[in-house]
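S.K.: Before anything else, here's the structure in question.
The values are calculated or read from the model by the stated rules, or taken from the named source; none is laboratory data. None of the values given here were measured: they were computed from a predicted structure. Note: ideal-geometry Cβ built from the backbone for every residue, glycine included; neighbour counts use all protein chains shown.
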Amino acid sequence: MEFIKFMGIQERREREKERRRQQIMVAAKRVFSIKGYSRTTMEDIAKHAEVSPATIYLYFKNKDELYASLSLRILQYMLVKIEHVTSEKDMDVIQRMNALKEAMYDVYEFDPLILINMFHLQSGDTIKNLSTELLSDIKNLSRKSLSAISNIFKRGIDEGVFIENKPVALSDILWAMFSGIVLWEESKKNINDGKNYLRQTFDTAFEIFMRGITKKDELIM
C-alpha cells in the first residue's frame with residue numbers, strides 16, 4: 001500500500017515537472033519571437049513564465065539549451081511527416097517527391113519561428129554548448145529525416161527515374177535548398193513589407209531541382 005502511495009506521489013511530481021518545463025518553453029518561444037535570441041535573457045523568460053530564474057536553471061543549464069530544446073518538437077513533427085510520405089504504398093516516385101515537397105512546406109507552416117530557429121541553431125556555434133543528451137536527440141532526429149529522404153531518392157535511382165547519383169548527396173542538397181530558402185525569405189520580409197513568398201520560391205526551386213535529377217524521358221511534375 002505504501003509503495004502504491006509512493007508511486008502515485010512520484011507520478012504527480014513528474015507530471016508537475018513536465019508541466020513546468022512546457023510552461024518555460026512556451027514563454028521562451030514567446031520572448032524569442034519578440035526580442036530575438038541575442039537580446040533575450042533568462043530573466044526575460046522567467047518573467048514571462050512567472051517563475052524565478054533559478055527555477056529555469058533546474059530544467060535548462062543555459063539559454064542555448066533552452067533555445068535548442070524548442071527544436072526537438074519541430075524535428076519530431078518533421079520526421080512524422082516524412083515517414084508518412086515514405087510509407088505510402090500507392091505512389092510512384094514523382095508523386096512521392098511531390099508529397100515530400102508538401103510535407104516540407106507543411107513543417108514550415110506548423111511553426112515557422114521554431115523552424116527558422118532550428119536552421120540558425122544548426123548553422124551556428126550554439127549547438128556546441130548543448131548537453132550530450134540534447135545534442136544526441138537533435139542529431140538522431142535529423143539523421144532519421146535525412147535518411148528517409150535519401151531512401152526516396154534511392155528508390156527513384158533504382159527504378160531508373162532519377163539520374164545516377166548518391167542519394168545522401170541529393171537529400172543534403174534538397175535540405176540545404178529548403179533551409180536556405182526559408183532563411184532568405186524570412187530576411188526579405190523586412191524589405192517586402194512583411195510579405196512571404198516562400199511558397200512560390202520553394203515551388204520554383206523544387207521544380208528546377210526535379211528537372212535536374214529526373215531523366216528526360218520521365219514525367220517531371
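S.K.: Name the residues in region 36-94 that are without any contact (Cβ under 8 Å) to a residue 40 or more places away in the chain and aliphatic (A, V, I, L, M), would you?
M.R.: 42, 45, 46, 49, 51, 54, 56, 58, 80, 91
S.K.: Sort out which residues of region 115-149 are small (Gly, Ala, Ser), in a helix (DSSP H, G or I) and surrounded by fewer than 20 Cβ atoms within 10 Å (Cβ to Cβ), and write them in order of number.
M.R.: 123, 136, 142, 147
S.K.: For region 21-44, enumerate the residues that are farther than 19 Å from residue 72 by Cα and part of a helix (DSSP H, G or I).
M.R.: Correct list: 34, 35, 42, 43, 44.
S.K.: Then there's this: Hey, could you check region 152-192 for residues that are surrounded by 15 or more Cβ atoms within 10 Å (Cβ to Cβ) and polar (S, T, N, Q) and say which is modelled with the highest pLDDT?
M.R.: 171
S.K.: Taking the conditions exactly as written (touching a His at 6+ places or on another chain (Cβ under 8 Å) and either touching a residue at least 40 places away in the same chain (Cβ under 8 Å) or surrounded by fewer than 19 Cβ atoms within 10 Å (Cβ to Cβ) (or both)), does residue 30 satisfy them or not? Even if it seems obvious, please write down each step before you answer.
M.R.: On the way: touching a His at 6+ places or on another chain (Cβ under 8 Å): yes; either touching a residue at least 40 places away in the same chain (Cβ under 8 Å) or surrounded by fewer than 19 Cβ atoms within 10 Å (Cβ to Cβ) (or both): yes.
Yes, satisfied.
S.K.: Checking residue 106 against (1) within 20 Å of residue 25 (Cβ to Cβ); (2) out of contact with any Leu (no Cβ under 9 Å at 6 or more places or on another chain); (3) in contact (Cβ under 8 Å) with a residue 24 or more places away in the chain; (4) among the acidic types (Asp, Glu): exactly one of these is not met. Which one?
M.R.: Answer for residue 106: the failing condition is (1).
S.K.: List every residue pair whose Cβ atoms lie under 8 Å apart, where the two residues are 6 or more positions apart in sequence or sit on different chains, the first residue falls within region 181-204 and is outside the structural domain of residue 99 (by TED's automatic domain parsing), and the second residue, located anywhere, is surrounded by 13 or more Cβ atoms within 10 Å (Cβ to Cβ) and of a type in the set (Val, Ile, Thr).
M.R.: Note: no pairs meet the criteria.
S.K.: Of the conditions (1) assigned to a helix (DSSP H, G or I); (2) in the same structural domain as residue 203 (by TED's automatic domain parsing); (3) over 30 Å from residue 197 (Cβ atoms), residue 105 fails just one. Which one is it?
M.R.: Unmet condition: (3).
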